[in-house]
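The values are calculated or read from the model by the stated rules, or taken from the named source; none is laboratory data. Note that the structure is predicted; figures quoted are calculated from it, not measured. Heads up, the Cβs are rebuilt from the backbone with ideal geometry, glycines too, and the neighbour counts pull from every protein chain shown.
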Amino acid sequence: MTRKDSDDEDTQQDTTETQESSSILASDEYVDIKDLPGVGSAVASKLKGAGYVDVISLATANPQVVSEVCEIGEPTARKIIAEAREAAKMNFLSGLEFEDKRKSVQRISTGSQTFDILLGGGVESQSITECYGEYGSGKSQIAFQLAINVQLPKEKGGLEGHAIWIDTEGTFRPSRIEQLAIAKGLDPKEALQNIKIGRAYSSDHQILLVDKIPELINKDSKIKLIVVDSMMALFRAEYVGRGTLADRQQKINVILHNLQRIADRFNVAVYITNQVMARPDVLFGDPTVAVGGHIIGHVATYRIYLRKGKKGTRVAKLVDSPSLPEGEVTFQITSEGISDVEEEGKRK
Ligand SMILES: Nc1ncnc2c1ncn2[C@@H]1O[C@H](COP(=O)(O)OP(=O)(O)O)[C@@H](O)[C@H]1O
Ligand SMILES: [Mg+2]
């Protein structure tokens with residue numbers, strides 16, 4: 001499969017891209033869970049309510065958890081999961097097909113050149129990029145900047161695209177978007193118009209909002225960035241006892257797999273944040289531990305640890321990446337957004 005990569009095909013680019021990616025990702029054909037043998041619409045809606053929104057999430061589900069949340073016997077749950085696995089049959093891509101898919105990866109600039117270099121050119125489509133760090137470390141500011149930069153033309157580090165923002169903490173600020181838009185020479189109202197914001201009030205609500213994303217992208221093919229700020233806050237607030245930990249992890253897994261699937265299927269970038277708390281009781285190793293760290297760690301393609309640096313700067317450390325070396329860079333957050341630190345002679 002060949003792709004033209006010239007810039008003069010803009011007018012037909014969107015439809016071409018959809019067709020191509022769907023043929024590359026033949027394994028991703030959509031089977032609604034209610035069409036699985038043994039799943040009626042009643043069970044399907046229970047499943048969806050519990051976060052099992054598609055065959056992939058059901059295929060990887062735990063039978064006990066499915067049995068519990070759907071109030072069905074465990075043998076039935078097992079049977080349904082087996083059907084989901086069958087329907088989800090993961091096709092293998094040849095190395096060449098895989099390379100082709102990688103070629104369609106697009107990048108959004110963070111606003112800082114050194115930060116972009118750390119990430120191999122910016123925040124990637126087809127991947128989940130996670131920033132974790134303490135309160136005030138800049139996780140949301142990066143999200144604001146990406147939601148603006150995605151709208152910029154390609155030569156300025158953008159994708160002439162739109163964004164979806166799932167806000168779980170109530171920290172989305174239209175005024176900040178406007179401020180950053182003006183700094184980049186965009187019309188502030190238009191920039192706001194190009195961002196769809198979903199405020200999630202519970203973890204189940206968060207699951208439903210993520211479930212809505214394919215529909216939104218089908219309506220607006222310019223969507224190139226999904227922000228979830230933050231991924232874990234509602235789960236952390238709702239699931240306090242250890243007894244429900246497995247359930248919580250299962251749901252987080254479902255969301256993350258859905259996000260990864262959306263990233264692949266629509267060639268969009270997914271940026272999620274994860275607040276961590278300093279743990280003074282941890283004597284050895286990293287005193288900041290990502291909440292839900294292990295689960296996210298297995299799914300996020302790029303994990304960045306953010307912390308405050310000297311003189312109001314921020315330090316980003318690439319922790320996990322399939323092909324890039326680990327490394328650290330310093331950037332700054334000003335009223336105009338994310339940028340390189342201006343100083344002669346870079347610090348190490
Ligand atoms: N308008 C602004 N001008 C300069 N710095 C800002 C502005 N808005 C936010 N910041 C910086 O960003 C920090 C908050 O970062 P934020 O991304 O909200 O943290 P979190 O990691 O908790 O999401 C503030 O402490 C401040 O340093
Ligand atoms: Mg924040």
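Worth a mention:
- Test result for residue 219, of a type outside the set (A, V, I, L, M, F, W, C), under 23 Å from residue 196 (Cβ atoms) and either within 16 Å of ligand 1 (Cβ to nearest atom) or free of Cβ contacts under 8 Å to residues at least 12 places away in the same chain (or both): yes
- Of all residues in segment 103-156, those that are within 16 Å of ligand 1 (Cβ to nearest atom) and small (Gly, Ala, Ser) total 9.
- Among residues of segment 300-320 being within 15 Å of residue 116 (Cα to Cα) and touching a residue at least 24 places away in the same chain (Cβ under 8 Å), the one that is nearest to ligand 2 (Cβ to nearest atom) is 306.
- Qualifying residue in segment 229-240 (condition: closer than 19 Å to residue 57 by Cβ and in contact with a strand residue (DSSP E or B) (Cβ under 8 Å, 6 or more places away or on another chain)): yes
- For segment 158-208, residues that are closer than 18 Å to residue 273 by Cα, modelled with pLDDT of 95 or more and of a type in the set (A, V, I, L, M, F, W, C) total 9.
- For beta carbons closer than 8 Å, sequence separation of 6+ or different chains, a first residue in segment 235-249 that is more than 19 Å from residue 208 (Cβ to Cβ) and in the same structural domain as residue 203 (by TED's automatic domain parsing) and a second that is modelled with pLDDT of 80 or more and crowded, with 17+ Cβ neighbours inside 10 Å, the qualifying pairs are 246/65.
- Subset of segment 93-124 [touching a Leu at 6+ places or on another chain (Cβ under 8 Å) and either on the phi > 0 side of the Ramachandran plot or polar (S, T, N, Q) (or both)]: 106, 109, 110, 120
- Within segment 67-88, the set of residues being more than 24 Å from residue 322 (Cβ to Cβ) and touching a Ser or Thr at 6+ places or on another chain (Cβ under 9 Å) comprises 67, 70, 73, 74, 75, 76, 77, 78, 81, 84, 85.
- Candidates 291, 282: the one that is within 16 Å of ligand 2 (Cβ to nearest atom) and modelled with pLDDT under 65 is 291.
- Members of segment 164-185 that are assigned to a helix (DSSP H, G or I) and either among the hydroxyl-bearing types (Ser, Thr, Tyr) or surrounded by fewer than 16 Cβ atoms within 10 Å (Cβ to Cβ) (or both): 174, 175, 182
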